[in-house]
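> Mind having a look at this structure? Questions to follow.
The values are calculated or read from the model by the stated rules, or taken from the named source; none is laboratory data. Not measured: the values here are computed from a predicted model. FYI the Cβ positions are ideal-geometry reconstructions off the backbone, even for glycines, and counts take in every protein chain you see.
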Amino acid sequence: MLNAFIDVMRINIHHITVIAILLLILSGCEINQNEIMPEDGFLKIYNHPDEQLALFPESVVELPEGGYIFISAIKDENAETEYPHTSLVRTSKSGEVTWTMDYDWLAPTSKLILQNGSVGFVAMNQQFDAYVISIDPGNGAETAQHALDMTMPLSAYSDEQGNLVVLGYDFVTRSSWISKYNSNFQLQRSNKLPVNTDLEYLVQRHLNKTGQDYPFFIGAYSNTSGSGYFVNCFYNYTLRTVFLDVSSLAATGDIYSFQIEEGISSLIQKSGALFGLTSYYEGNNYIMAGTEIDVLSSGNIKDLPAEPLYELTYRAAVMAGSLITDEDQFALYISQTNDNSLVVYQYDLETDSLVNTLTREFDERVEVRDFIQTSDQGIAVLAGIYTLGKYKRPLLLKMDPGQFVPEED
Amino acid sequence: MRKKIFILLTLLGMVLTGTCHAQQSGFLNQLRIGFGGGVNMAQIVDLEPYNIYEDLSGESYDNSYSDIFQNVGNQYFVQIEWFSKYLIVVLKPGTYTYRFTKHNEIAFTNETVEQDTPYLLRYFSVPLEARYSFDFQRFRPYAGGSVAYSNLLGSLDPSNETFIRSKFTAGAVGGTYIDLRYVILDLNVGYNFGLHNITNKADRYATGSGETFAQDDIMLNDLQINLSILFSLQKQKHYSNVECFY
């Protein structure tokens, strides 16, 4: 009996040896993590020790040499002016702070402009005059400033040709003010869209971060009949998405909603007349992943078939954009949920089908502000977070490209 | 890393060779089997800190870990020994649980917020020890070395995902056998050095809820104190009250 047991053990010992060797090899592979770099994915919260400062992040760019610059509006309880001043933060590839710089320019609400190795932003002075300011990304020093001959800048967009399109508000004529500048920031064309009612107070509260945050944005589209811009702005009593001719900036069509309480929160052109958009109305948020829009006519937002997104916060800010990888193309809609999560809805750009929903949970309330596709085909999301439930601070979340690879069925 | 795996394979080969030899020359007479348990104290070596918080005023935030004597864990294992006159080879497969706490600080002008994140890591480990013993009759002190392979067991705590499954350690052991005629007690103390980073680099930010911290690159060393009860399958030695054989 005992000898039989020993014989069995003697035979099995070879199997055990093989299993042990395989185990060691597999373990070695797991331990060796040299291919995973810190810049592939990270999460950073940029804290300022001064409790009396509230930092409202606005936009982020990735620099050609690596690293990021993001812009924030800083609201100081002790400041003499009610409008927030501007702050830029430069980080390394893995999110560590390289430098920070504060500027006297007020209410920086634009996307950052990356042009010819220089970084620019649009903000205003104390007289509400809009300027574009260029800075040296190496140290943050201001290198140039250009008056934009408009007031109360609300959004800015740099198109593929290097033109700058800026949305402002003219409190004299009570109009949304849209101007286009060339790459040297010389005015090319300007247009005013009458609001027909006085919304200056609401615009002021939007700019000084004390009131409702309206989803002002600018983008570009092109189809068989031409190209143009879409601008989300106040127009004819309501918050509308207005389609503008690329040359004349004349309004060709729009999507309207009920006054200024409802509206489109993000928009992306997919192809031709096909757009993806999100909206909020009647207390809920909605998504239209692929819907046909006639840019030459006026339509009501409620006529578009929409899927509800009950999980998103009230009047949720949504950032829409594309993610182009070597294998696939996706439309991404990034927002925040009622349970303090950042959520990324990943749609296939061709089929409009939801491929993936990615979430990142936080202990405190978060608000997404911007996202970009990074050079490694991942994304960087800029958001605000209420640290310790009290202090508003910027948050940068770099998501690994591997997270966007669709799972095989 | 290749060198470490080579050493492990060499040791494994030595044990298997010894076991085969034992099978041929009275395997059971040189075998002791038992069980044991004890306490451990984890010591965290921070290889590279990864902070979630970046300070915009130029300050830096430091991480720290609880001291070794605050990190009391435990282990339970089966103990299998093969012994010759002086050399003893020991396997102690079992569950080894480690506890430690990470401290983070977030500094503000008028307050500093301290955050503690406790960890509990439960491994299934297979330590392999080689001991050289001295025969002092009833007491047989020994000293030796050990290597161990461990596999992290699952947990409901999401922060468990911030660690890789495998862990290799090597260390030194010392202690004494106490022969109580029908059973043998093994009082054992050992210190094990982690051989590599145990953090899962791809998921260092996947701490479940909480934006409060990211997992640093860390190594886990530990001090162990164990007591085992062993049953020998060979004919028992008999001691008189005056400590002589008959």
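> What strands (runs of 3 or more DSSP E), lying completely within the range A:70-153, carry at least 1 residues that are under 22 Å from the mean Cα position of the chain (by Cα)?
Details: elements: A:85-91, A:97-106, A:113-115, A:118-124, A:129-135, A:142-151.
Hits in the range A:70-153: A:85-91, A:97-106, A:113-115, A:118-124, A:129-135.
> On the basis of being over 30 Å from B:SER60 (Cα atoms), over 16 Å from the mean Cα position of the chain (by Cα) and without any contact (Cβ under 8 Å) to a residue 40 or more places away in the chain, does B:SER166 make the cut? Explain how you work it out, then say what you get.
Details: over 30 Å from B:SER60 (Cα atoms): yes; over 16 Å from the mean Cα position of the chain (by Cα): no; without any contact (Cβ under 8 Å) to a residue 40 or more places away in the chain: yes.
Considered against the rule, which asks whether it is over 30 Å from B:SER60 (Cα atoms), over 16 Å from the mean Cα position of the chain (by Cα) and without any contact (Cβ under 8 Å) to a residue 40 or more places away in the chain, B:SER166 comes out as no.
> Got a number for residues in the range A:34-54 being within 22 Å of A:GLU361 (Cβ to Cβ) and in contact with a strand residue (DSSP E or B) (Cβ under 6 Å, 6 or more places away or on another chain)?
7
So that you can scan it fast, the table gives a plain yes or no per residue for (1) assigned to a strand (DSSP E or B); (2) modelled with pLDDT under 90; (3) aromatic (Phe, Trp, Tyr):
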site: A:GLY211; (1), (2), (3): no, yes, no
site: A:PRO215; (1), (2), (3): no, no, no
site: A:TYR229; (1), (2), (3): yes, no, yes
site: A:LEU244; (1), (2), (3): yes, no, no
site: A:GLU261; (1), (2), (3): no, yes, no
site: A:ILE264; (1), (2), (3): yes, no, no
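> Any chance the range B:61-80 includes a residue that's crowded, with 19+ Cβ neighbours inside 10 Å and either within 14 Å of chain A (Cβ to nearest Cβ) or touching a helix residue (DSSP H, G or I) at 6+ places or on another chain (Cβ under 9 Å) (or both)?
no
> Restricted to the range B:106-119, and to residues that are part of a strand (DSSP E or B) and without any contact (Cβ under 8 Å) to a residue 12 or more places away in the chain, which residue is farthest from the other protein chains (Cβ to nearest Cβ)? Before the answer, list the steps.
We begin by selecting, within the range B:106-119, every residue part of a strand (DSSP E or B); these are B:106-107, B:112-119.
Going one step further and asking which of them are without any contact (Cβ under 8 Å) to a residue 12 or more places away in the chain, we end up with B:112-114.
On the way: B:THR112: 9, B:VAL113: 6, B:GLU114: 12 Å.
Applying the filter and picking the extreme gives B:GLU114.
> Suppose the filter is small (Gly, Ala, Ser), touching a strand residue (DSSP E or B) at 6+ places or on another chain (Cβ under 9 Å) and crowded, with 22+ Cβ neighbours inside 10 Å; does A:GLY95 pass it?
So A:GLY95 passes the test.
> Inside the range A:330-387, counting only strands (runs of 3 or more DSSP E) that do not spill past its ends, which hold 2 or more residues that are in the same structural domain as A:ARG315 (by TED's automatic domain parsing), touching a residue at least 24 places away in the same chain (Cβ under 8 Å) and buried (at least 21 other Cβ atoms within 10 Å of the Cβ)? Walk me through how you get there before you give the answer.
Working: elements: A:341-348, A:354-361, A:366-373, A:379-387.
The qualifying strands (runs of 3 or more DSSP E) are A:341-348, A:366-373, A:379-387.
> Being outside any strand (DSSP E or B) and surrounded by fewer than 17 Cβ atoms within 10 Å (Cβ to Cβ) is the filter here, so list the residues in the range B:120-164 that pass it.
Across the range B:120-164, the qualifying residues are B:PHE134, B:ASP135, B:GLN137, B:ARG138, B:LEU153, B:GLY154, B:SER155, B:LEU156, B:ASP157, B:PRO158.
> Still on this structure, please answer the following. Report the residue count in the range A:41-62 for those that are among the aliphatic types (A, V, I, L, M) and within 12 Å of chain B (Cβ to nearest Cβ).
Going through the range A:41-62 one residue at a time, the tally reaches 4.
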